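Note sheet for the following structure.
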Amino acid sequence: MQIVAALLSLATPNLPRLLHFYQTLLGIPPQVQLSREGEPVYVEFRLPGLRLGLYRSLHPEFAAQAGAVSLCLQVQDLAACLGSLAAVLAEHQIPVSPLRQAFHGQEVDFQDPDGNRIVLHQPSAAFWQAMTWAGTSN
């Protein structure tokens, strides 16, 4: 098997709602948008190390199951990131977990409007020293 690319794609019955949420969360518009009759049916965000696709699905078996997916986003300043997300989290009435501190850094988690888990992680210096990332640096 020769894999040429990998992406995480999330099915949703309400693409406009999830698109708005992720566009606000990530602070960028999607780089790809496919439409049918003027309505988006697929969008894709291209992030360092990840392509995140969102698509409209009318199949109930593709509905999000809480805890089935965890999207971990590493950030440089967790407090600043949470401050910038306060409005969208309040808009969707999304609670954020208490701050957790561990060897690998500090983190919080919450769910997107469809129930997918999102972890915001600010790595510690010890984490970067312990990890070997081929071709990247912190």
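The values are calculated or read from the model by the stated rules, or taken from the named source; none is laboratory data. As the structure is a prediction and not an experimental result, all values here were calculated from the model. Note that each Cβ is placed from the backbone with ideal geometry, even for glycine, and that neighbours are counted across all protein chains shown. Just the protein is used for accessible areas: all its heavy atoms, side chains included, with ligands, DNA and RNA removed. Shrake-Rupley method; radii C 1.70, N 1.55, O 1.52, S 1.80 Å.
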Which count do you get for residues in region 81-92 that are surrounded by fewer than 13 Cβ atoms within 10 Å (Cβ to Cβ) and within 15 Å of Ile118 (Cα to Cα)? 1
Inside region 70-86, can you point out the residues that are under 19 Å from Leu50 (Cα atoms) and assigned to a loop (DSSP other than H, G, I, E, B)? Val75, Gln76
One residue is enough: does region 64-79 have a residue meeting the conditions at pLDDT 90 or above and loosely packed, with under 15 Cβ neighbours inside 10 Å? yes
Quick one: would you say Ile3 is at pLDDT below 90 and either farther than 16 Å from Gly115 by Cα or more than 14 Å from the chain's Cα centre (by Cα) (or both)? yes
Look through region 97-122, keep the residues that are open to solvent by 50 Å² or more (accessible area, probe 1.4 Å) and part of a strand (DSSP E or B), and return whichever of them is farthest from Arg17 (Cα to Cα). Gln101
Considering only residues that are surrounded by 15 or more Cβ atoms within 10 Å (Cβ to Cβ) and over 21 Å from Leu120 (Cβ atoms), look in region 10-19 and name the one that is farthest from the chain's Cα centre (by Cα). Pro13
